[in-house]
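S.K.: Before anything else, here's the structure in question.
Quick note: the coordinates plus some simple rules give every number you see, no bench work behind them. What you see is a predicted model, and the numbers here were worked out from it, not measured in a lab. Note that we place each Cβ from the backbone using ideal geometry, even for glycine, and neighbour counts take in every protein chain shown.
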Ligand SMILES: [Ca+2]
Ligand SMILES: [Ca+2]
């Protein structure tokens, strides 16, 4: 098994177009157990943490990390969406190293659209990876990250559903989940 490394560091906020913050602890200034849920699968090192020095500003950022062997680490938060008229904005830095066409890492930021019972309807996934072989579909929109260093992103969710996720009925979207997602595939 080749050594593989996946790292994702980011800080972000999500807000409505009217500016009211939907996320709890979206700036990571409190412990990650406030607002955020860590899940993982597979083998190797998998973690999520926060620190002040991932980005040179003075406050905290969060990051997920996955090292070696197939599996993933994920730090997510689901919020009730009053409507799909939402704008997500966040800053992110993506890193990875190593891998082959059959055994590869991917650093991701996922935005999942869920119905009222929490079932997944679709996803927008920002991906930084050399070898990832995922493909977009009517319910999965892959956004290729070409500038992995600290970059600000905004996502107009209403427009995203309309233009890039034709398989998702916007009227059924009742919850939005955002997640830092570090993934390692093994062929
Ligand atoms: Ca912060
Ligand atoms: Ca900082």
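S.K.: State, as an integer percentage, the relative contact order of the chain based on alpha-carbon contacts under 8 Å between residues 6 or more apart.
M.R.: Relative contact order comes out at 29 percent.
S.K.: While we're on this one: Tell me what the chain gives for mean residue ellipticity at 222 nm when only DSSP H runs of n ≥ 4 count, each as -39,500 (n - 2.57), the sum divided by the residue total, rounded to 500 deg cm²/dmol.
M.R.: Dividing the helical sum by the residues of the chain leaves -1000 deg cm²/dmol.
S.K.: Considering the chain as a Gaussian network with a 10 Å cut-off on Cα pairs, which listed residue, 148, 82, 70, attains the greatest mean-square fluctuation?
M.R.: Its mean-square fluctuation being the largest, the pick is 82.
S.K.: OK, next. In whole angstrom, note down how far apart the Cα centers of segment 62-106 and segment 129-162 are.
M.R.: A separation of 11 Å, based on Cα centres.
S.K.: In addition: Sticking with the crude label model, points 7 Å out along Cα→Cβ, report the distance from residue 153 to residue 120 in nm, one decimal please.
M.R.: Result for the modelled spin labels: 1.6 nm.
S.K.: May I pose another question? Please report 158, 177, 29 as a ranked list, fewest other C-beta atoms within 10 angstrom at the top and most at the bottom.
M.R.: Ascending Cβ contact count within 10 Å gives the list 29, 158, 177.
S.K.: Still on this model: If I take every Cα pair under 8 Å that is 6 or more residues apart in segment 38-96, average their sequence separation and divide by the length, what percent do I get for the relative contact order?
M.R.: 34 percent
S.K.: In Å and from the alpha-carbon atoms only, list the Rg and Dmax of the chain.
M.R.: 15.8, 49
S.K.: Taking the Cα-to-Cβ direction at residue 100 and at residue 31 and moving 7 Å from each Cα, how far apart do the two end points lie in nm?
M.R.: Between residue 100 and residue 31, the simple spin-label model gives 4.3 nm.
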